[in-house]
Amino acid sequence: MAVTAVTLLGLAAGPALAQSPEQLVNQRQENMKQLGGAMKVLSGYVKGEADQAAASKAAQVLVDVGGQMQEWWPEGTAVGVGDSEAKPAIWTETEKFNANIEKMKAATPALLAAVQSSDSGATGKQLGAVGATCKSCHQDYKAD
């Protein structure tokens with residue numbers, strides 16, 4: 001799973017370049033797919049199915065891409081806009097929603113450090129912590 005500077009640059013510039021709410025939703029979904037792919041690689045690493053280099057790149061994606069999450073939900077991009085699965089509660093429970101994102105952002109550097117230490121037990125524990133933050137947000141703020 002290679003992450004290029006172009007990809008990361010595109011993510012940073014994505015919301016600024018996307019003008020319509022539908023484009024913003026599409027960009028958000030692409031970002032989330034990147035995060036999901038990174039989680040899959042990391043899960044494979046913990047199971048012995050991926051190497052440390054791939055896991056390090058995946059963990060770095062979580063740090064870099066996940067670090068931009070709060071920018072992905074501008075008003076006007078809830079369910080009903082394009083293929084959005086974002087519940088309106090994101091905008092009525094902004095503090096709680098942002099606190100969940102902060103928990104994820106706080107957990108990802110420790111995951112990266114665990115991968116880089118080659119400690120699969122610590123990696124598995126940190127992967128679980130990151131996954132729990134994802135699950136929490138999806139339960140509360142993602143439509144089925």
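All of the numbers you see were taken from the coordinates with simple rules; none came from a lab. These numbers were taken from a predicted model, which means no experiment stands behind them. Using ideal geometry, Cβ is built from the backbone for each residue, glycine included, and neighbour counts are taken over all protein chains shown.
Taking a 21 Å limit on the Cα-Cα distance, which of the listed pairs LYS105/LYS142; LYS47/LYS103; LYS40/LYS96; LYS47/LYS96 fall beyond it? List each step's numbers first, then the result.
Details: LYS105/LYS142 19 Å; LYS47/LYS103 25 Å; LYS40/LYS96 26 Å; LYS47/LYS96 33 Å.
With Cα atoms farther than 21 Å apart: LYS47/LYS103; LYS40/LYS96; LYS47/LYS96.
Once label points are set 7 Å from the Cα along Cα→Cβ at both SER56 and VAL79, what is their separation, rounded to one decimal in nm?
Going from the SER56 label point to the VAL79 one covers 4.3 nm.
Rounded to the nearest 10 degrees, what's the angle between the helix 120-141 long axis and the longest principal axis of the chain, both from Cα atoms, 0 to 90?
Long axis of 120-141 versus the principal axis of the chain: about 10 degrees.
Using alpha-carbon pairs under 8 Å, 6+ residues apart, how would you state the relative contact order of segment 22-144 in percent? All intermediate terms of the calculation are to be shown ahead of the outcome.
On the way: 132 pairs, mean separation 37.0, N = 123.
RCO, segment 22-144: 30 percent.
Which is farthest toward the positive dipole end of segment 79-136 among ALA129, PHE97, ALA86, measuring Cα position about the Cα centre, with Cβ charges +1 (Lys, Arg) and -1 (Asp, Glu)?
ALA129
Relative to the longest principal axis of the C-alpha atoms of the chain, give the angle of the C-alpha long axis of helix 94-116, reported between 0 and 90° and rounded to the nearest 10°.
In the chain, helix 94-116 runs at an angle near 20 degrees to the longest axis.
To the nearest 0.05, what FRET efficiency results for LYS135 and SER20 with a Förster distance of 22 Å applied to their C-beta separation?
Rounded to the nearest 0.05, the efficiency is 0.15.
Any chance you could list P(r) for segment 85-126, counting all Cα-Cα pairs in 10 angstrom bins from zero, rounded to whole %?
28, 31, 24, 16, 1
Using the Cβ atoms and a cut-off under 11 Å, what net charge is assigned to the surroundings of VAL115, where Lys and Arg are +1 and Asp and Glu are -1? Intermediate values should be presented prior to the final figure.
On the way: positive: LYS57; negative: ASP51, ASP119.
Net of charged neighbours comes to -1.
Efficiency by 1/(1 + (r/R0)^6): what FRET value for LYS47 and SER118, r their Cβ-Cβ distance, R0 = 22 Å, to the nearest 0.05? Don't skip to the answer; put the middle values down first.
Values: r = 15 Å, r/R0 = 0.69.
Computed FRET efficiency for LYS47 and SER118: 0.90.
Are there any GluC sites (Glu not before Pro) in segment 62-144 that are in a DSSP loop and have at most 11 other Cβ atoms within 10 Å? List them by number. Could the numbers behind the result be given before it?
Values: sites: GLU71, GLU75, GLU85, GLU93, GLU95, GLU102; in loops: GLU75, GLU85, GLU93.
Sites meeting the loop and neighbour criteria: GLU75.
Counting each DSSP H run of 4 or more residues in the chain as -39500 (n - 2.57), what helix-only mean residue ellipticity at 222 nm follows after dividing by all residues, to the nearest 500 deg cm²/dmol? Before the final figure, lay out each step's value.
Numbers: 6 runs with 103 residues, N = 144.
Computed ellipticity for the chain at 222 nm equals -24000 deg cm²/dmol.
Scan around ALA86 for amide H atoms under 5 Å from its own, H built in the peptide plane at 1.01 Å from N, and keep only partners 5 or more places away or cross-chain.
Placed amide hydrogens put VAL79, ALA143 under 5 Å from ALA86.
Place a +1 charge on the Cβ of each Lys and Arg in the chain and a -1 charge on the Cβ of each Asp and Glu, then give the dipole magnitude about the Cα centre in debye, rounded to the nearest 20.
On the way: 12 positive and 15 negative charges, 74 e Å.
Using Cβ point charges on Lys, Arg, Asp and Glu, the chain gives about 360 debye.
Please list the equivalent ellipsoid semi-axes of the chain, computed as the square roots of five times the alpha-carbon gyration tensor eigenvalues, in descending order and whole angstrom. Walk me through the numbers before you get to the answer.
Numbers: eigenvalues 147, 58, 28 Å².
After diagonalising the Cα gyration tensor, the semi-axes are 27, 17, 12 Å.
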